[in-house]
Amino acid sequence: MRIFGLAAAVIALASVFSDAGNAWAQDAKVLEKSIVDLRVALDTVWVLVAGFLVFWMHAGFAMLESGLCRAKNTIAILYKNFGVVAVSSLAFWVIGFA
């Protein structure tokens, strides 16, 4: 009778360890997925920050060009800069992003 009890204990212990191994594997998968999600979030934030910097660079360049030309040409310079930003944004969306 003791052999059957010992065999039952070994089988129960083996099932506990196999379930623990499965739980550890599932925890590793969850951790890997969260790391991938964090990496995607950081990449998205970096692209947005870089885009904001480029946008403000265009605004600063427009002010520089406006300051270096006559007052009557300021609207034309600003319109040209706006057109460059609009066309390049659409081109990025069509070619790169979408």
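The values are calculated or read from the model by the stated rules, or taken from the named source; none is laboratory data. What you see is a predicted model; the values in this text were computed from it and never measured. FYI the Cβ positions are ideal-geometry reconstructions off the backbone, even for glycines, and counts take in every protein chain you see. Just so you know, the surface numbers come from the protein's heavy atoms only, side chains and all, with ligands and any DNA or RNA stripped out. Shrake-Rupley method; radii C 1.70, N 1.55, O 1.52, S 1.80 Å.
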Next item on the list: State all residues of segment 33-75 that are in contact (Cβ under 8 Å) with a residue 12 or more places away in the chain and closer than 27 Å to Gly96 by Cβ; if no residue qualifies, say none.
Entry: Phe55, His58, Phe61, Ala62, Glu65
Check: Looking at this structure, is Val45 open to solvent by less than 90 Å² (accessible area, probe 1.4 Å), at pLDDT 90 or above, in a helix (DSSP H, G or I) and not polar (S, T, N, Q)?
Finding: yes
